[in-house]
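Everything on this sheet refers to the single structure shown next.
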Amino acid sequence: MTVTAFNKAWRNLQETAITTEKPKLHYLNARGRMESIRWLLAAAGVEFEEKFLESAEDLDKLRNDGSLLFQQVPMVEIDGMKLVQTRAILNYIASKYNLYGKDIKERALYGIFSVLPSTENTDTWRDAKTALVKEKIKNRYFPAFEKVLKSHGQNYLVGNKLSRADIHLVELLYYVEELDSSLISSFPLLKALKTRISNLPTVKKFLQPGSPRKPLMDVKCLEEVRKIFRL
């Protein structure tokens, strides 16, 4: 990345130009690194637009016009900025829509809960890796979160208020059910959390057919990804 391109990308990030009415998401028409962002925006009740990358040239254009600070997607246009890096995007959305805790203590707990296994690359997992992930989910992650819910007896993970931690966990629970629906059967509090979050009007809408939620990646979609990223 040249100095000129970096400076252009940095200016784009800092600009406070007139914002579009809806955030605009730039990514593939697939889950990947953007899916958690879609979940969080949807849970916050924020409508958004998506600009799908359909070719390697589409990605090159974003890179060449300085839209991508680190030459990577996902990228989200919001509040006059072109935000990149998944964690930074999620932090911004959670803060903007009051899903990030009321104080630094609660935010510290979110840091602890960030050990949740990411679903961003699960579309391309193979059997061996899937088996390992299943083992960790069943014997490490799910018992820990079940214990948290049992220890404070509240409806949510942190502060008895909906937060990004709940949304990310429920996203994972849905993905795990796609892998193996039996994995959650021994965790009644997690099952109850999943039901409770799923019944929130904004989340319920996102779970309906025709929503921006993406399906598991199939072979055809995987080939498109490889073409776009020249893999």
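The values are calculated or read from the model by the stated rules, or taken from the named source; none is laboratory data. Just so it is clear, the structure is predicted and the values come from calculations on it, not from any experiment. With ideal geometry, Cβ positions are generated from the backbone for all residues, glycine too; neighbour counts draw on all protein chains shown. Areas reflect the complete protein model, heavy atoms only, side chains present, ligands, DNA and RNA absent. Shrake-Rupley method; radii C 1.70, N 1.55, O 1.52, S 1.80 Å.
On the principal axes of its alpha-carbon atoms, the stretch 135-230 has extents of 48, 33, 22 Å, going from largest to smallest. Between A192 and N91, the modelled labels are 3.4 nm apart [label points 7 Å from Cα along Cα→Cβ]. Between the stretch 44-100 and the stretch 143-192, the C-alpha centres lie 27 angstrom from each other. Computed extension gain for K147 through K61, at 0.36 nm per residue and net of the alpha carbon distance, reaches 26.2 nm.
Full extension of the chain segment joining A108 with N199 gains 30.0 nm, where the gain is 0.36 nm per residue of separation less the Cα-Cα distance. A 1.4 Å probe, protein heavy atoms only, puts the accessible area of D58 near 60 Å². When L109, L68 are compared by accessible area of protein heavy atoms, the largest-first order is L109, L68, using a 1.4 Å probe.
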